[in-house]
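Read-outs: derived from the displayed coordinates by stated rules, not from any lab. Bear in mind the structure is a predicted one, so any value in this text is a computation, not a measurement. Note that each Cβ is placed from the backbone with ideal geometry, even for glycine, and that neighbours are counted across all protein chains shown.
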Amino acid sequence: MEAVRVECPVGTAPRLPYQLWVTYADGHKEYRQVRWENAALATEEAEATLPAGTDYTVQGFITGDLTTAQGLPVEAAVHVTAAPYAVPAAAPVAEPLPLNCVHLTGDNRLRHNRDLDIDHLLTLDVRQQLYNYRDTYGLPTDGYPVSDGWDSPTTKLKGHGSGHYMSALALAYASCPDADKRQQLKANARVMVDELRRCQERTFVYDRTLGRYREARDLAPEAELLQLGGTWADFDRYKQDYAHYGYGYLGAIPAQHCALVEAYRPYNNDEWVWAPYYCVHKQLAGLIDIATYIDDRAIARKALLVAKDMGLWVWNRLHYRTFVQMGGTQDERRARPGNRYEMWNTYIAGEVGGMAESLARLSAMVTDKQERARLLEAATYFDSPAFFDPLKRNIDAIRNRHANQHIPMVTGALRTFRAGGDGSYYQLARNFWTMVQGRYRYAMGGVGDDEKFREPYTQMHAMCAAKEPTMNETCCAYNLAKLTRDLNGYNPNDARYMDFYERVLYNQIVGSLRPTDYAVLYQYAVGKDASKPWGNETPQSTCCGGTGSENPVKYQEATYFVGGDTLWVALYLPTTARWETMKTTILQTCTWPAERSVIQFPDGSRRPFCIKLRVPYWATRGFDIRVNGQSLFASAKPHPGSYVTLPMRRWTADDSIEVVMPFTLHVDYGPDPVDGAWLGAFMQGPLVMAADSTGHFLPDYAADRRITHYFPLPKSSNYENQTVHP
Ligand SMILES: [Zn+2]
C-alpha cells in the first residue's frame, strides 16, 4: 500500500482516505475500503484541538482481510498545519450539459424506465394535485379528486407530492422524445402554475392600518404564536384565514404551520405539525424546474414569479421573526420563539429539505438586486449550526441523525457557497460527502437504517439485525446523487465523485423502479435475504414516491460535464448530447451497462476541445482507449479511479473514441465483521450482485424477476453452482 500522509489544518479532524490502492502478492491491484480508528466523537474533537505543528498517527484497517480480527493494519501520519484548506472559486469548474441537451438512446432498462415513468405521469389527474391548494385558499374543490398518500386530508405533509409532481413534469418534458407527450406535460405544467398563482393572489391583501400589504411577519405575533394549536380542528380554522397568510404565501397547508415550527412544536401529525418547510421546498423546487425546463415563456415566467413571491415570503418571515442563539441550555435557547438553532435541529418538524438549495437557485434567476440579496439571505437562514459547525471541522456530526433530513441541507450549503457564501460551506459539503463514503454507505450507494445514520461503520450489523426491509431509503440516494453531481462540478478531475454517482445510479436509483408495472421503492432493502418492497405509486404517496417520480426522467443528467474547452465523459451511457458552445453533437453508443463504449462527433466540432474520459475505480483489468483504432495504452494502463485526457484538437465526423472496460469481479466489504466473519457484496464492475433466492421478508414483497444480466461466478470460487445477478 502507499503510505498515508495528510496535512490537517488546525482546528479540524484529519481528512483520511476511505479507500486505498493495494497491490497483492500475485501483482493484482485494486481499491479496498479502510476503517479508521478515530471515529469516536471524543477522539475527533480532541484531534481538532491540537496545535499547528503537531504530528500524530491514526490507526486503521483494510476491511475484509484476515491478518488480524479487525483487518490489515494501516497507519496514517497526520501533520497539523496553520494553513486552512484552499477554497475553490464560487463558480464551478465544470457544469453538466443541460438536461434537455442529453438524451438516452438504445434499447435498455434506462429508456424503458424513462418511458414507463412518463406514461405513468400522464395518467395522473392534474386536478388531484391541486385539491389541497384550493382547500387551503377557500376555493371550491368540486371536480378536484382528493389528494392521496402523504398529501391526503389526514396528513400534514400536503404539498410535498404536488411539488415533486411539478419537478417530474418539467424533467420529463426535458427528457421526453415524443412531441405529443411533451405537449401534454406542458399543458399540465400550465394548469399547475396558473392555479397556484390564483391561490397565491388570495394573499395579496392590503391593510389600511399598516399602510401596506399584509406580510409574512404580520401573521401570529409572538403572544398569539404561543397560543396557536396544531390539531385538525385548528388546521380547519387556519385555512379559512388565508387572508392573513401574508403576501405571497404558497402552500398546500396553512401558513400557520410554518409559524408553529418557531414555537418548537414537535412532529406529530395529529397534534402538531409534520415538516412544513419540507413541503415548501418541494413546491419551490417544482416551480423552479418548470421555470428552467418548460420552453414556453408565459409558463416559465409565471412559475418563476410564483416561486419568487413565496421565496420572499420566507425571507420576510424568517428575517423579522427568527434569530440564532447558540449558547445556554435548551430551555434557555427556547425561552423565546424563533431560535433557528433549535428550529432546524428538531427531529422531522425541523426538516427543511433543500430550502437553501432552492432559494440560492432562485436568487440566481431573478434580476432585481434587492430580491436577489434577500433570497440569498433567506437561503442562509436555513443554516443549522448544530449540524454545520462540527462538519466544517470535519467532525462527524451526522451520526444518529435522520439521513434524508440532513443530506439536502448539505446540498443547500454547497449552493449557498456557489451563490456567494463563504468557503466553509464548501468545506462542510466536502467533509460530509467523504464521511458518508467511509462510514455509512452500503455497496448500493445508499445509506440509512430506519431512516437514520447510525454509529459510523455499523452497516453490516444493521443488515444482520434487520427483521424487515426498513433500511436504505431511496430519497437518500436521490439526494446523495444530487450532492455528488454538484461537488463534481468543483472537482471534475477527481473520479471518486462520478465513481460514486455511477454506483448509486446504476444500483439503487435505476433498481428502485419496478419495470413491469409502475411502482417504486421507499426502502431499498439491503442485506441478507432482502427483497424489494414495491409501492409508492404516485408522487403524493410518500417522500420516495415523490423523488421516485423524478429519478427516471433524469438518469442522464450527469453523463457529460463541460467547462472552458474541456468535455468530461463522466458516465458511459448510451446517449446523444448537444454541446452548444462548441456547436457539436456527442454520440455515445453502448449497451447499458457498458463494458465497451464508442464516442463520436457526427457534426465534427467548430472549435478544438479536449476530452477527459473516466477510468472507473473497478476497471483494474483490460482497460483501454482506442482513438481511431489506435490503442493509447499498449503497455502501461491508466490508473483506475482517474481521468484520461485526450489532448485538444478539432474533432471530425470521422473520429471514433472507443473505451474498453471489462467488468471485474470484486468484493465491496462492509466495515464491521459480524460474529468474526467479514461480509461484503459481490460486484461485477459497477453492479452490485444479489443471490438468486429471497424469502426472508413477507411474500407480498415480490422480488424483481425481470432480470437483464446474469454473471456466472468463476469456477474456482466456493460458489460455483450459483449464479449472481444485479
Ligand atoms: Zn423518502
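Below, the figures for the structure above:
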| quantity | calculated |
| --- | --- |
| Ratio Rg/Rh, restricted to segment 355-451 and using Cα atoms, in which Rh is the Kirkwood radius | 1.03 |
| Overall Cα dimensions of segment 426-547, principal axis frame, Å, largest first | 39, 30, 21 |
| Rotationally averaged projected area of segment 396-465 (alpha carbon convex hull; nm²) | 4.6 nm² |
| Euclidean distance between Cα centres, segment 594-639 to segment 356-374, Å | 40 Å |
| Cα gyration tensor of segment 482-586 - equivalent ellipsoid semi-axes, whole Å, descending | 30, 16, 12 |
| Relative exposure of 649, 334, judged by other C-beta atoms within 10 Å (fewest first) | 649, 334 |
| Residues 476, 464, 101, 258 arranged by fewest to most Cβ contacts within 10 Å | 464, 101, 258, 476 |
| Residue exposure sequence - 657, 118 - by fewest surrounding Cβ within 10 Å | 657, 118 |
| Computed over the chain: relative contact order in percent, which uses C-alpha pairs under 8 Å that are six or more apart | 14 percent |
| Estimated FRET transfer efficiency when R0 is 22 angstrom, pair residue 205-residue 233 (beta carbons, to 0.05) | 0.35 |
| Kirkwood hydrodynamic radius over Cα pairs of segment 138-263, then Stokes diffusion coefficient at 20 °C and 1.002 mPa s, in µm²/s | 129 µm²/s |
| Subset of 532/612; 532/554; 482/637; 156/452 violating a 28 Å alpha-carbon distance limit | 532/612; 482/637 |
| Cα-centre dipole for the chain with unit charges at Cβ (Lys and Arg positive, Asp and Glu negative), debye to 20 | 1680 debye |
| Highest average packing first - 57-64, 565-572, 270-277, 173-180, Cβ atoms within 10 Å | 565-572, 270-277, 57-64, 173-180 |
| Expected-Rg normalisation [2.2 N^0.38 Å, Cα atoms] applied to the chain | 0.95 |
| Fraction of alpha-carbon pairs over 16 Å apart in segment 4-81 - percent | 53 percent |
| Residue 595 paired with residue 297, simple spin-label distance in nm, labels 7 Å along Cα-to-beta-carbon | 5.3 nm |
| Solvent-free Debye scattering, log10 I(q)/I(0), computed from the Cα coordinates of segment 193-325 at q = 0.12, 0.19, 0.21 Å⁻¹ | -0.48, -1.11, -1.29 |
| Residue 473 long-range amide H proximity, modeled H, under 5 Å | 447, 451, 524 |
| Positive-end residue, the chain charge dipole about Cα centroid, Cβ charges, pick of 605, 412, 281 | 605 |
| Radius of gyration and Dmax over the Cα atoms of segment 538-687, both given in Å | 18.6, 62 |
